[in-house]
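One structure below.
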Amino acid sequence: MTREEKPTNCHYCGYLCALVATVEDGRVIDIQPDTSRYPYDEQVVRQCRRWHMNLQDLDAPERINYPIRRVGERGSGLWERVSWDEALDDISRRLQALVTEHGARTVASAIGGPHATFWPLHRFMNLLGSPNNMGIGQICWNPRIWMDAITFGWSIEADIDPGRTSTLVVWGTNPAESDNSAFWRSLVRLAKTDMNIIVIDPRRTQTAALADIWLPVRPGTDCELALGLLHIIIEKGWIDAGFVEEWCHGYDELVEAVRPYKPARVAEVCGVPEADLLEVARLFACGNASALVSGRGIDQSGAAVAPTHRAIACLRAITGNVDKPGSCVLTQASDFAWEVDLEMSDALSTEGRAACLNTPFTPLQCYAGCDGVAAATSRLRRRLPIRYLASAHPSLVWKAVLEGEPYPIRALIVEATNPLLTYADTKLVHRALHALDLLVVLEYRMTPTASLADYVLPAAGAIERPVFQAHGGVANIAYGGDAAVEPYYERRTDYDVFRELGLRFGQDEWWPAASLREALADVLADIPLSWEDFCMRGIYAPAPGFFKHLMLDDAGSPQGFGTATGKVELASEFLSELGGERVPRGRLGAMQEAEHRRDIVMLDNNSGIGLLLDTGARKQPYNASMYLDNPEFRARYPRPLAQVSSSTAAMLGVVDGDEVLVATRTGSARFYVQTLVMRDDVISVDYGWWDPGQPMAEPDLGGMWQHNANVLTTCSLQGAEPLIGSWSYNGIPCVVRRAD
Ligand SMILES: Nc1nc2c(c(=O)[nH]1)N[C@H]1C(S)=C(S)[C@@H](COP(=O)(O)OP(=O)(O)OC[C@H]3O[C@@H](n4cnc5c(=O)[nH]c(N)nc54)[C@H](O)[C@@H]3O)O[C@H]1N2
Ligand SMILES: Nc1nc2c(c(=O)[nH]1)N[C@H]1C(S)=C(S)[C@@H](COP(=O)(O)OP(=O)(O)OC[C@H]3O[C@@H](n4cnc5c(=O)[nH]c(N)nc54)[C@H](O)[C@@H]3O)O[C@H]1N2
Ligand code: SF4
Ligand SMILES: [Mo]
């Protein structure tokens with residue numbers, strides 16, 4: 001018998017905490033947190049409810065252990081076990097036939113949150129010649145990357161430094177529920193110091209409860225709020241005049257654009273007290289250093305996404321809170337292999353690029369847009385990853401599947417996502433998945449989406465595979481570590497699957513590494529750490545340094561920012577060339593009185609009251625559609641909730657625990673009431689909810705129709721943000737009534 005202690009990592013959130021597994025003869029018998037490696041904070045793992053699942057999950061009865069092929073109708077729930085060779089040979093044969101008939105663009109892929117290593121899938125797709133990668137590019141994180149890159153020349157991250165940060169703005173994010181890492185815990189500590197904490201959120205979340213000022217913003221008006229703050233700061237002369245003079249481009253234009261955003265009007269439109277608005281502007285502009293973090297409250301606000309991020313970027317800039325300790329730091333390109341090279345976007349054929357569905361619709365979120373940003377930010381010779389920034393708009397992919405327009409998409413490869421729960425407009429997704437010729441899903445367990453597949457391929461999970469997270473390819477940060485054991489049963493890493501498919505398509509030259517571990521060792525080839533050393537530390541994150549625009553170039557001049565002007569572009573020539581606004585603009589002028597002065601009233605015939613719907617506020621212990629089958633979690637949190645204020649609950653005639661029906665133009669779903677201190681005009685429902693105990697076949701599909709927030713949403717381009725195509729998951733008009 002051999003017994004070893006193996007360093008490994010949890011992968012139940014993007015934080016990849018270090019664990020140590022006790023392995024006996026190739027089987028894991030115990031797993032414990034390992035604080036000798038990243039994250040070095042024993043409280044993180046001690047307090048996390050998820051890492052315990054790692055051991056039970058290795059042998060969990062719900063896991064898919066072998067490739068399976070459907071034998072009945074799509075969605076019948078009838079499967080047969082097949083060998084890997086049989087599965088991969090048949091999948092490639094069918095893909096090849098479709099490619100011969102319709103071209104490579106007929107193959108699409110779908111990914112989700114940062115659960116897996118996605119570049120192997122994208123490498124396969126790029127080499128195949130299809131641009132049709134769907135993902136979360138339009139609604140998670142990327143909109144900020146786009147706007148920061150356009151404004152500052154590269155991506156930035158908050159630098160929250162207790163010694164230096166005087167004000168911290170937490171905008172549209174609730175780390176109390178969404179962040180398992182050290183950030184939430186440090187926020188709790190910081191709230192006890194004299195740092196001013198401002199939270200901008202329609203709900204009084206646990207995060208908001210820590211705040212010195214909570215701004216309960218009306219959903220969808222964050223851009224107006226930011227422009228209002230800019231107005232006050234400019235009007236009061238609270239700008240950092242030296243930084244503006246020397247390092248900002250287009251200040252006068254910005255001044256003109258924010259002139260109408262008078263505090264009284266902004267306070268009224270955004271539904272926040274004017275005095276608080278003034279105080280927030282003062283605290284942000286006048287302290288030593290101000291940091292700001294934002295989240296899905298902004299990223300998922302549809303049409304407002306781009307101007308809001310731009311306005312926030314301008315707020316940082318005119319107050320001099322750029323690349324300054326305690327405010328934010330411009331990240332650096334990675335010393336290890338660039339994501340853009342790993343995904344091999346440059347290998348996508350001209351024909352493949354020309355097939356990009358987004359191009360005529362969303363001029364930024366497409367290959368041409370990526371090229372444009374690369375050119376407009378080329379001074380510092382870095383490249384953003386392309387896979388997310390050009391990700392295909394789901395509404396266009398589903399149309400190509402269902403209508404064959406502008407060309408037919410007939411096959412879909414789904415990796416680490418559950419689109420029937422997490423993509424917008426479930427009915428549309430459902431129809432599209434049924435209409436495919438070939439649906440391949442790589443999964444841990446049977447999900448509603450996998451139930452409709454032709455093949456479900458068993459993915460190796462945490463502990464069984466090396467993990468590596470590189471901050472989306474925009475920073476010089478990587479963390480991760482090695483597997484403790486070889487995959488159990490016949491599970492394989494996602495890398496192995498795409499490599500095997502690639503080999504069947506003659507891509508041999510581009511898959512030199514025989515395993516994910518080898519591939520990751522190659523990724524690190526240019527840093528002074530071997531894969532083994534990296535695994536022992538768990539992190540590679542050299543400090544990026546501050547005030548980098550002042551560093552001297554070869555000619556002895558300050559290198560400036562990566563933008564075309566070398567300055568922070570408050571006014572952007574590039575955006576206006578794409579048909580966007582040079583400076584951020586809100587909708588103040590266009591806003592009707594009725595839009596922000598709506599009394600909440602019972603509609604005719606007691607049919608319900610009109611509210612603004614947020615779908616997706618994060619809740620522990622779940623993650624999107626995952627972990628609902630964990631009995632302990634389910635006992636703690638048994639039902640999908642809809643949060644409303646107590647006065648709204650009273651109007652609806654409901655109390656905590658009652659069921660309400662929420663209806664939008666797209667569909668309706670049911671949730672259980674939970675009252676919370678929050679805006680009266682908002683309802684916030686859980687997303688990702690299904691019932692793994694129900695039959696995993698049509699028509700139940702794991703009970704996914706009743707409480708599925710995405711039955712209520714749409715990703716239609718109509719009303720979406722015009723440059724990126726971001727749709728709304730919040731601020732959606734809906735009607736709510738007590739369920740009978
Ligand atoms: N437990 C758990 N954690 C997760 C996830 C999960 O599914 N479950 N998902 C992970 C993923 S993929 C992501 S992207 C992150 C997201 O992480 P966060 O961005 O922190 O997501 P939330 O916790 O939903 O916080 C968003 C907040 O925005 C508020 N909000 C809604 N509408 C508006 C608006 O119009 N304006 C403003 N200012 N605020 C608004 C909501 O009330 C909510 O409190 O979380 C990650 N962490
Ligand atoms: N209405 C609404 N919709 C939303 C959001 C919202 O706030 N509201 N948020 C959006 C955002 S920000 C995000 S990021 C997405 C998240 O959307 P998804 O990523 O689709 O959400 P999950 O439920 O986490 O689905 C992950 C699936 O991948 C599987 N999986 C996990 N790890 C691996 C792996 O390593 N390999 C493989 N092959 N499979 C794996 C899991 O078993 C699970 O079924 O949802 C988006 N959709
Ligand atoms: S914080 Fe995330 S990675 Fe760390 S133990 Fe919890 S779920 Fe796992
Ligand atoms: Mo996300």
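The values are calculated or read from the model by the stated rules, or taken from the named source; none is laboratory data. Fair warning: this is a prediction, and the values are worked out from it, not measured in the lab. Please note: Cβ atoms are built from the backbone with ideal geometry, for glycine as well, and neighbour counts cover all protein chains shown. Side chains are part of the model used for accessible areas, which takes the heavy atoms of the whole protein and leaves out ligands, DNA and RNA. Shrake-Rupley method; radii C 1.70, N 1.55, O 1.52, S 1.80 Å.
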(Q) For Cα pairs less than 8 Å apart in space and 6+ apart in sequence, what is the mean separation divided by the residue count of segment 12-120, i.e. the relative contact order in percent? (A) 16 percent
**Q.** Nearest-20 debye value, segment 72-179 charge dipole, Cβ charges on Lys, Arg, Asp, Glu
**A.** 300 debye
Q) Where Rh is the Kirkwood radius over the Cα pairs of segment 448-494, the temperature 4 °C and the viscosity 1.567 mPa s, what D in µm²/s does Stokes-Einstein return? A) 103 µm²/s
**Q.** Compactness of the chain - radius of gyration and Dmax, Cα, Å
**A.** 25.1, 76
(Q) As a test of the definition: which semi-axes, in Å, follow for segment 510-605 when you take the square root of five times each eigenvalue of its alpha carbon gyration tensor? Largest first, please. (A) 47, 29, 16
Q: Describe numerically, in nm with one decimal, the distance between label points set 7 Å from Cα along Cα→Cβ at GLN47 and at ASP522.
A: 4.1 nm
Q | For segment 457-544: relative contact order, % (alpha-carbon pairs under 8 angstrom, 6 or more apart) | A | 33 percent
**Q.** Shape parameters for segment 203-342, alpha-carbon atoms, Rg then Dmax in Å
**A.** 16.0, 51
Q | Rough spin-label spacing in nm, given labels placed 7 Å along Cα→Cβ, for THR22 and MET591 | A | 6.0 nm
Q: Once you have the Cα-Cα distance between ASN606 and ALA635, take 0.36 nm times their residue separation minus that, and quote the gain in nm to one decimal.
A: 7.0 nm
Q) Can you pull the percent of segment 125-234's accessible area that's carbon plus sulfur, 1.4 Å probe, other chains left in place? A) 47 percent
Q: Rounded to the nearest Å, what's the spacing between the alpha carbon centres of segment 384-430 and segment 457-524? Just the number, please.
A: 24 Å
(Q) Over the chain, what is the relative contact order in percent, taking alpha-carbon pairs closer than 8 angstrom and at least six residues apart? (A) 19 percent
Q | Inverse mean reciprocal Cα-Cα distance (Kirkwood Rh) of segment 82-126, Å | A | 12.1 Å
**Q.** For segment 421-503, diffusion coefficient by Stokes-Einstein and Kirkwood Rh (Cα), 37 °C, 0.692 mPa s, µm²/s
**A.** 218 µm²/s
Q) Rounded to the nearest 5, what is the percent of antiparallel bridges among the DSSP beta bridges in the chain? A) 55 percent
Q.
Among PHE361, VAL373, PRO273, whose Cα projects farthest towards the positive end of the dipole of segment 266-408, with charges put on the beta-carbon of Lys, Arg (+1) and Asp, Glu (-1)?
A. VAL373
Q) Extension gain ASP30-GLU490, at 0.36 nm per residue separation less the Cα-Cα distance, in nm? A) 163.4 nm
Q: Please calculate how many Å² of accessible area the chain carries per residue, with a 1.4 Å probe and no DNA, RNA or ligand atoms counted.
A: 36 Å²
Q. When only alpha-carbon atoms count, how far does segment 58-144 stretch along each of its three principal axes, as whole angstroms with the largest first?
A. 43, 38, 23
Q | Distribution of pairwise C-alpha distances over segment 604-740, 10 Å bins, in % | A | 12, 41, 34, 13, 1
Q | Computed label-point distance, nm, for sites SER76 and ASP252 using a 7 Å Cα→Cβ extension | A | 7.3 nm
(Q) Please report the antiparallel percentage of DSSP beta bridges with both residues in segment 319-456, rounded to the nearest 5. (A) 10 percent
Q | Gain on full stretching of the segment that runs from SER557 to GLU235 - 0.36 nm per residue minus C-alpha separation | A | 112.6 nm
Q: Step through the table entries LYS427/LYS619; LYS192/LYS324; LYS399/LYS619; LYS262/LYS548; LYS236/LYS567; LYS324/LYS567, compare each Cα-Cα distance with 26 Å, and write down the pairs that go over it.
A: LYS399/LYS619; LYS262/LYS548
**Q.** Longest to shortest principal axis, alpha-carbon extents of segment 318-446, angstrom
**A.** 52, 35, 32
Q: Could you compute the FRET efficiency for GLU4 and GLN706, with r as their C-beta to C-beta distance and R0 at 56 Å, rounded to 0.05?
A: 0.75
Q | Theoretical ellipticity at 222 nm over the chain - DSSP helices of four or more residues, -39500 (n - 2.57) apiece, nearest 500 | A | -8500 deg cm²/dmol
Q | Dimensions in Å of segment 94-194 - Rg and Dmax from alpha carbons | A | 20.3, 66
Q. How would you order 222-232, 197-207, 344-354 from highest to lowest mean count of nearby Cβ atoms within 10 Å?
A. 222-232, 197-207, 344-354
Q | For segment 1-100, the fraction of alpha-carbon pairs in successive 5 Å shells from zero, as % | A | 2, 11, 14, 15, 12, 10, 11, 10, 9, 4, 1
